[in-house]
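Accompanying notes for the structure given below.
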Amino acid sequence: MLEPLRHGDHPLQALPSAERARLEQVAGDCTDRFQRSSSGVAGRNGQLALHHQGRHRLSDRKLAALTAVHNYYIRRADGTTAAERFFGRAYETLFTQALQRMPLSPRSARRRPRPHKPPYLMPLAA
């Protein structure tokens, strides 16, 4: 695909070599970011398709949970998440984010003493 761009008569060849190298680097970064998966089971859409096959309908809450797991938990071999690659910065772990958003549970109730049972059989036994 790049071969026509590298011919001597192409307008890009009029640029200095450092500028051409920088443009090629930026173009490569863009294609890495927006590269499509050719497999029907790879990536986010493939995962959702597999879930849809088995259940025929994902609730909005389940879809939101799967989206959060995909964007912030699943890591590539290089150790980055989809959100880190898209936004260009690291985020706290999904567990830490969940703890920050969830309210603390209320303190458990104080244990009440058991009511005293009167000895019903005691007077008869005596």
So the helices (runs of 4 or more DSSP H) completely within the stretch 1-82 holding 1 or more residues that are at pLDDT 85 or above are 17-33, 60-72
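Looking only at the stretch 92-122, how many residues end up being part of a loop (DSSP other than H, G, I, E, B) and farther than 30 Å from ILE74 by Cα?
Of the residues in that region, 16 qualify.
The values are calculated or read from the model by the stated rules, or taken from the named source; none is laboratory data. These numbers come from a predicted model, not from an experiment.
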